[in-house]
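Asks: Quick one: structure below, then a few questions.
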Amino acid sequence: MRSRDQMTRNYIIYAPSYTENSGGIIFQHNLVHELNRLGERALLWPMEPLYKMGLRERLRRRFVPTQMRTHPDLDTPVARRTDLTAESVVVYSEIVPGNPLGARSVVRWLLYKPGLIHPYRFGRDEMFFRVGEICDIPEITDGAPDLYLWKVNRTYRDENRPDRRSVCYIVRKGSDKPRIPQTEDPAAICVDGMSHAETNEVFNRCHTFYSYDEAMMYSQYAAVTGCTSVVIPGLYSSRGMGQKPRTCQIWRGLWA
């Protein structure tokens with residue numbers, strides 16, 4: 001039997017609207033879905049912009065409810081203000097500074113390495129989880145346990161094309177890295193901004209995919225399609241990732 005605290009407690013995940021092009025946001029929305037499947041009460045709370053808003057935008061957001069996009073196949077209800085109570089457990093990602101909802105119980109889910117792109121500001125007595133070792137700062141978290149929700153994206157498949165002649169690449173969070181000659185070739189295809197269907201088509205036309213972003217599912221997606229997937233190092237060298245480009249391999253049976 002559930003205790004009274006368990007019956008009144010809910011989980012509020014502070015996240016942006018759903019988009020298929022952000023692994024971190026997909027993880028956050030799926031966390032709400034999975035918690036609800038387990039019988040908990042989990043909700044989304046629309047995340048405020050990280051930039052400083054002007055007076056007009058602050059007033060608009062105060063009086064006009066933010067429309068939050070969700071995935072139709074996920075159980076991800078959007079919280080109302082009355083859903084935030086003293087018993088709520090609020091889950092923030094590493095890019096959210098402080099505790100904007102003023103929650104008593106805060107969980108920090110490290111979806112990317114804190115400070116690498118965005119500055120971070122954590123509070124006292126927060127509970128930490130990470131999606132992988134490269135996202136952790138053990139001197140702050142004392143070694144966060146793993147929490148990840150891998151999903152199969154069936155858009156990607158190996159079409160066994162015999163005439164793979166091109167290379168492709170993605171930049172994303174690796175925009176400050178020096179470019180390698182292979183991606184500077186005029187024939188190289190940049191998949192930044194493409195839909196998953198468009199990216200799958202490009203992967204099946206190419207023999208090699210280069211990622212300047214070291215923490216992306218696209219490296220695995222490329223491997224699924226039979227495209228050699230290479231990660232350009234640099235951001236995570238201090239975590240033992242090395243300085244040489246590394247090839248991403250995947251057990252194909254997981255994606256059948």
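The values are calculated or read from the model by the stated rules, or taken from the named source; none is laboratory data. Everything quoted here is computed from the prediction, not taken from an experiment. In this analysis, Cβ positions are derived from the backbone assuming ideal geometry, glycine residues included, and neighbour counts consider all displayed protein chains.
Asks: Which is over 21 Å from the mean Cα position of the chain (by Cα), surrounded by 12 or more Cβ atoms within 10 Å (Cβ to Cβ), under 23 Å from Ile26 (Cα atoms) and assigned by TED's automatic domain parsing to the domain that holds Pro233, of Val191, Val171, Val202?
Replies: Among Val191, Val171, Val202, only Val202 is over 21 Å from the mean Cα position of the chain (by Cα), surrounded by 12 or more Cβ atoms within 10 Å (Cβ to Cβ), under 23 Å from Ile26 (Cα atoms) and assigned by TED's automatic domain parsing to the domain that holds Pro233.
Asks: In region 1-76, which helices (runs of 4 or more DSSP H) lie fully inside it and hold 2 or more residues that are modelled with pLDDT of 95 or more?
Replies: Counting at least 2 such residues, we get 23-37.
Asks: Name the pairs whose Cβ atoms lie under 8 Å apart, with the first residue in region 110-128 and on the phi > 0 side of the Ramachandran plot, the second outside any strand (DSSP E or B) and surrounded by 15 or more Cβ atoms within 10 Å (Cβ to Cβ), and 6 or more positions between them or separate chains?
Replies: The qualifying pairs are Gly115/Ile137.
Asks: With the requirement that a residue be surrounded by 13 or more Cβ atoms within 10 Å (Cβ to Cβ), within 14 Å of the chain's Cα centre (by Cα) and in a loop (DSSP other than H, G, I, E, B), what does region 119-153 give you?
Replies: Listed by number, the residues that qualify are Val131, Gly132, Leu147, Tyr148, Leu149.
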